[in-house]
Amino acid sequence: MPPVPLDEMIIADYVHSLHQLTGIPLGKLQRYGTANSLMNPIEHPHVLELNAKQLLKVEQLHAFIQAYRVLQWEEENAKHKITTPELAGSYFSAFLSGLKDRERFMVAFLDKSNQVIETRIISEGGIAEAPVYPRQVLKAALNCDCSSVLLAHNHPSGSLRPSMEDVLLTERMVAIFEPLSIDVLDHIIIGGTGYASLAKLGQMPKVAEKSASYEMITLKSKEEAVPCSADEMLVIETIEAALDEEWER
């Protein structure tokens, strides 16, 4: 009898482990996996029509995987500062990569040395939008006594193109924080396994262009995207490129 190929063994072990950890019937997982992605039971658990107990187990498993990614990032970057879009993209990918059933907006608050004081989930929404209240970001920043902030959110669709709302929110944050001498360094968009940086795309305002507004804004990942030049699209598409230039202050 020929040996079982390694990839088939890994898939079988994955399915069996998922069954044991979540209580989803083994046969149901095997049947689903014959024609669909086996990542879906974790990333899109409702496709399997799970009961409440199974959904809770899947949520716990997803939270564990996310926590592991964050701890792994911290272990690898314990002595590093977040000084470049590349490091920011790597950092927020640990929190947001693979999040496909909701849109989540996060902010990292940094000290004068660009060390993270705190990273906070500001809001979560549905698969295509998330409401953001600027006052909540301001309150958290003042509580942290931070020197700068990094904005980030995911696009469940996988798109890396910033939407009109993404840019508008960024401009609004700059208008709020500039009078306080708090820098908004970048706005990172996570999509699929990649990320885009508004700073690298040249879409980060240097100074406040409008008066501060604290009205709620809804990030919409499926709205019309901001037009990008050929050079900007190259930045988006070349996710593996070395983006090692520090932000301009």
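Residue-wise, which Karplus ³J(HN,Hα) couplings in Hz belong to the range 209-219, taking 6.51 cos²θ - 1.76 cosθ + 1.60, θ = phi - 60°, and x for glycine or proline?
Result, rounded to whole Hz: 9, 9, 5, 5, 10, 10, 5, 4, 10, 9, 6.
Stretched out fully, how many nm does the piece from E8 to N51 gain, at 0.36 nm a residue minus the Cα gap?
Result for the pair: 12.7 nm of gain on full extension.
Ordered by residue, what ³J(HN,Hα) values in Hz, to whole numbers, does the range 158-170 give under the Karplus form 6.51 cos²θ - 1.76 cosθ + 1.60, where θ = phi - 60° and Gly and Pro are x?
My calculation for the range 158-170 gives x, 5, 9, 7, x, 8, 4, 5, 4, 5, 4, 4, 4 Hz in order.
How many lysine pairs does the chain hold where the Cα atoms are under 19 Å apart and the two sit 8 or more places apart or on different chains?
Going through the chain pair by pair, I get 10.
As an exercise, use a Förster radius of 41 Å and the Cβ-Cβ distance of E215 and L21 to find the FRET efficiency, rounded to the nearest 0.05.
0.45
Please check: in the Gaussian network model of the chain (C-alpha springs, under 10 Å), which one of Q66, Q203, Q54 has the largest mean-square fluctuation.
Among Q66, Q203, Q54, the largest GNM mean-square fluctuation belongs to Q54.
What three numbers, in Å, describe the spread of the alpha carbons of the chain along their principal axes, ordered from the longest?
70, 36, 36
Using a Gaussian network for the chain with springs between C-alpha atoms less than 10 Å apart, which of these wobbles most: L38, L185, L201?
L38
In the range 76-167, if the dipole is taken from +1 on Lys/Arg beta carbons and -1 on Asp/Glu beta carbons about the Cα centre, which of L151, N77, A88 is farthest to the positive end?
N77
Nearest 5 is fine: what % of DSSP beta bridges in the chain come out antiparallel, could you say?
Looking only at bridges with both residues in the chain, the antiparallel portion is about 75 percent.
For the chain, what relative contact order do you get, as a whole percent, if you take Cα pairs closer than 8 Å and at least 6 residues apart?
18
At a 1.4 Å probe radius, which order do E165, E76 fall into by accessible area, largest first?
So the residues, ranked largest to smallest area, are E76, E165.
Choose one of M106, H16, L219: the residue whose Cα lies farthest towards the positive end of the charge dipole of the chain (beta-carbon charges +1 Lys, Arg; -1 Asp, Glu; about the Cα centre).
Farthest towards the positive pole: H16.
Out of K220, K81, K139, any idea which swings most in a Gaussian network model of the chain, alpha carbons joined below 10 Å?
Comparing K220, K81, K139 in the GNM, the peak value goes to K139.
The values are calculated or read from the model by the stated rules, or taken from the named source; none is laboratory data. If you're wondering where the values come from, they're calculated on a predicted model, not measured in any experiment. Positions of Cβ are generated from backbone atoms using ideal geometry, with glycine treated the same way; all protein chains shown enter the neighbour counts. Surface accessibility is based on the protein's heavy atoms, side chains included, excluding ligands, DNA and RNA. Shrake-Rupley method; radii C 1.70, N 1.55, O 1.52, S 1.80 Å.
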